[in-house]
Amino acid sequence: MNLLKKITYLKYKKNPYFHKFYTEIQKKPLEHLTFCSFDLETTGLDIKKDEIISIGGIKIKDLKIELSSKFYKVVRPKKKIKKESILIHGITTADIETALPPEEVIPNFLEYIKGTILVGYFISFDISILSRYSQEMFGIPVLNPYIDIRDIYFSKLKSRYTPTEKREEKNLEQLAEEYGIPVEKRHDAFYDSLISALIFMAMAKKDRSIVEKAVRKII
């Protein structure tokens with residue numbers, strides 16, 4: 001654990017919710033670590049204002065997906081969702097009306113991800129928004145170490161001496177295609193978390209040394 005992380009943990013260690021939502025992860029082989037691929041659907045892209053409308057997560061243990069312990073909840077935002085966003089994620093006003101408020105969903109999800117390394121695509125966005133909720137409710141951000149599958153992909157290109165100008169950004173579908181994973185739909189929090197999990201597992205198999213290096217950097 002680097003110095004900055006140690007300072008961060010010390011800052012929040014006395015928070016009464018610290019041990020409820022966080023446990024330190026020890027260095028182990030990939031097969032002995034628990035990862036959690038997760039994704040949020042939100043009302044927009046403003047990490048300071050926009051709200052969570054669904055959370056999807058799935059755990060990876062022994063480098064195998066645990067479908068039996070998947071997490072998916074629609075979350076009721078305070079503001080009405082825009083019609084444009086409904087076209088993207090397919091969550092309707094009727095879905096929102098029967099959904100649970102964030103005060104009932106967020107704590108359960110924070111306990112669900114406890115002790116896991118988080119995995120996702122553009123995951124810093126999801127971490128930022130989830131941390132905002134966690135800070136508001138419990139005075140503590142999300143402290144889990146996390147890996148962005150985009151970073152692993154770029155590390156692979158770098159290791160193969162791919163020229164910088166040829167290191168093209170790939171969206172989730174394109175990244176899935178790169179690893180031979182079919183994508184049937186998008187902008188569903190659980191399905192996107194599943195696709196990210198499958199990509200991560202493919203990376204761990206084909207580019208294990210790069211994934212191991214990424215993990216060593218964060219725990």
Problem set entry | V215 vs. criteria open to solvent by less than 30 Å² (accessible area, probe 1.4 Å), more than 29 Å from T43 (Cα to Cα), of a type outside the set (F, W, Y) and under 18 Å from the mean Cα position of the chain (by Cα) | yes
Exercise. Is at least one residue of region 186-201 farther than 19 Å from E31 by Cβ, open to solvent by 30 Å² or more (accessible area, probe 1.4 Å), not basic (K, R) and not in a helix (DSSP H, G or I)?
Worked result: yes
Problem set entry | In region 68-87, the residues that are aliphatic (A, V, I, L, M), open to solvent by 10 Å² or more (accessible area, probe 1.4 Å) and part of a strand (DSSP E or B) | V74
For this session: Give I106, I152, I113 a once-over and let me know the one that is out of contact with any helix residue (DSSP H, G or I) (no Cβ under 7 Å at 6 or more places or on another chain) and surrounded by 20 or more Cβ atoms within 10 Å (Cβ to Cβ).
Result: I113
For this session: Report yes if E136 is in a helix (DSSP H, G or I), open to solvent by 10 Å² or more (accessible area, probe 1.4 Å) and touching a residue at least 24 places away in the same chain (Cβ under 8 Å), otherwise no.
Result: no
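The rows are residues; the columns are (1) over 20 Å from H187 (Cα atoms); (2) acidic (D, E); (3) open to solvent by less than 100 Å² (accessible area, probe 1.4 Å).
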residue	(1), (2), (3)
L4	yes, no, no
Y9	yes, no, yes
I25	yes, no, yes
K28	yes, no, no
H32	yes, no, no
I47	no, no, yes
K59	no, no, yes
E66	yes, yes, yes
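The values are calculated or read from the model by the stated rules, or taken from the named source; none is laboratory data. Predicted model only: the values in this text are computed from it and were never measured. Here the Cβ is made from the backbone with ideal geometry for all residues, glycine too, and neighbour counts use every protein chain on show. The protein model used for the area step is the full one, side chains on, heavy atoms only, and it has no ligands, DNA or RNA in it. Shrake-Rupley method; radii C 1.70, N 1.55, O 1.52, S 1.80 Å.
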